[in-house]
């Protein structure tokens, strides 16, 4: 796939005429005769080619005056993989917009985080996506509103507030404009099979919502959920009744999520202390499970290597297990240096019990949020049961995270952040690249010194030394992080198996 696929008219026409779901989220089809826009896989009879125009985003379609199709619901298609495989300004901006920064801090806040002027960001987003940051954030608010209308019994005024609208009038106008239905009419159309949840009580009872998270097929859940379950920190994460569950630290409060793999979607049950956190929670869960990846493009590239081809053919669609909190993962990466998975979990569990914020979990055994960097920076280093050198690595990391001199987030520049991490004591290539792969989301991060990778290389006849293996892995770019998953899967470690 290349940037700006919507400009390749012939390719877009072929995708629409074949109803190819792999292209959902890559571009959107706007129909001039009906005034609606669709995803490429829309089940209706394709319109005549002369009546179709193509846009790079749902926001661009809405800005051009098109309404979302009621059959294929294009606003709920998987996100574009471009924003997960790029680290330029537009990609970083899109990740921040999806994380709700524009709604919370406005366009000036977005610009401040990215280090550019608002005019520069507006210009680049308009050039590539046909919509500026406000329009993109508005499209996300509309999608969140529809989700709450159809899956909860919250009053409309509360939905408007939760979705990020400044007023009920703006909420009503946007829903009518995007969906050609009033909010009450949209709720009346939901089917009895769609789950509903009660609204927040006056006392502030958390809101529970059941959702479906779409993805591009194929998706192999074994290493994805196996990795998350095998490395789960007690109190923060657990595998319970066929679902991976964990606590979430969110902008307005906290939440608990249960994620269950299904053949055509991920079942997601979210319990939120503040429903305004819904869009951010969904975005972070999708990022955790790498649901916006393009597995066909990844696997096609890796299959060109005769050593990897049998591994890909055996179990295609492997994703990279990521994180819901970049700083948390960096801390856990340090705790996992040169120790077993079990030992790393034990170290993390002690920190959680001593410094994490407690939460209630009536549906399972979760007890805490993972400690914030500020709380960890304030602890007594002598209380850490680890070697002195690793203790120094840990305390230096959390101090830099707490005072803001090191920032890890969806907006991080991958190469710049790598360089900053390498300057910290105790941070070598393995620690930096595992953070780049799982926390920052770099799809090309590679771990040639990893014990599991070196073992797989020996078994498969790949070069044994890190330098030689890195040279061989050049053919796997830009998807070396996915190659890591296939190489890890040659081992019998629990991270490679869906828990039973």
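The values are calculated or read from the model by the stated rules, or taken from the named source; none is laboratory data. Because the structure is predicted, anything quoted here is derived from the model rather than measured. Cβ sites come from the backbone with ideal geometry, for glycine too, and all protein chains shown count toward neighbours.
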Return only the number of the condition from (1) surrounded by 14 or more Cβ atoms within 10 Å (Cβ to Cβ); (2) in a helix (DSSP H, G or I); (3) at pLDDT 95 or above; (4) touching a helix residue (DSSP H, G or I) at 6+ places or on another chain (Cβ under 7 Å) that residue 352 does not satisfy.
(4)
Before we move on, is residue 45 more than 20 Å from the chain's Cα centre (by Cα), more than 30 Å from residue 436 (Cβ to Cβ) and modelled with pLDDT of 95 or more?
no
Could you count how many residues in region 167-189 are within 27 Å of the chain's Cα centre (by Cα) and at pLDDT below 90?
0
Name the one entry in 384, 406 that is at pLDDT 95 or above and either closer than 29 Å to residue 272 by Cα or assigned by TED's automatic domain parsing to the domain that holds residue 471 (or both).
406
What pairs come out if I take residues in region 121-137 that are touching a residue at least 60 places away in the same chain (Cβ under 8 Å) and pair them with residues that are surrounded by 21 or more Cβ atoms within 10 Å (Cβ to Cβ) and outside any helix (DSSP H, G or I) whose C-beta lies under 8 Å away, six or more apart or interchain?
128/56; 129/56; 129/57; 130/55; 130/56; 130/57; 131/57; 136/57
Determine whether region 364-379 contains at least one residue that is assigned to a loop (DSSP other than H, G, I, E, B) and more than 30 Å from residue 245 (Cβ to Cβ).
no
Qualifying residue in region 11-27 (condition: under 27 Å from residue 266 (Cβ atoms), in a helix (DSSP H, G or I), at pLDDT 90 or above and touching a strand residue (DSSP E or B) at 6+ places or on another chain (Cβ under 9 Å))
yes
Tell me, which helices (runs of 4 or more DSSP H) lie completely within region 245-315 with 3 or more residues that are surrounded by 21 or more Cβ atoms within 10 Å (Cβ to Cβ) and touching a residue at least 24 places away in the same chain (Cβ under 8 Å)?
278-288, 295-302
Could you check, for region 326-341, whether at least one of its residues is modelled with pLDDT under 95, over 22 Å from residue 287 (Cβ atoms) and assigned to a helix (DSSP H, G or I)?
yes
Listing of helices (runs of 4 or more DSSP H) fully contained in region 391-482 that carry 2 or more residues being buried (at least 17 other Cβ atoms within 10 Å of the Cβ) and over 26 Å from the mean Cα position of the chain (by Cα)
451-460, 466-472
Being assigned to a helix (DSSP H, G or I), touching a residue at least 60 places away in the same chain (Cβ under 8 Å) and surrounded by fewer than 17 Cβ atoms within 10 Å (Cβ to Cβ) narrows 104, 146 down to just 104
Those residues of region 483-499 which are assigned to a helix (DSSP H, G or I), modelled with pLDDT under 95 and buried (at least 16 other Cβ atoms within 10 Å of the Cβ) amount to 495, 496
Residue 61 vs. criteria under 18 Å from residue 294 (Cβ atoms), in a helix (DSSP H, G or I) and either touching a helix residue (DSSP H, G or I) at 6+ places or on another chain (Cβ under 7 Å) or in contact (Cβ under 8 Å) with a residue 12 or more places away in the chain (or both):
no
Go through 425, 429 for me and flag whichever is more than 28 Å from residue 284 (Cα to Cα) and without any contact (Cβ under 8 Å) to a residue 40 or more places away in the chain.
425
Any idea which residue in region 64-87 is surrounded by the most Cβ atoms within 10 Å (Cβ to Cβ), counting only those that are free of Cβ contacts under 8 Å to residues at least 40 places away in the same chain and more than 24 Å from the chain's Cα centre (by Cα)?
66
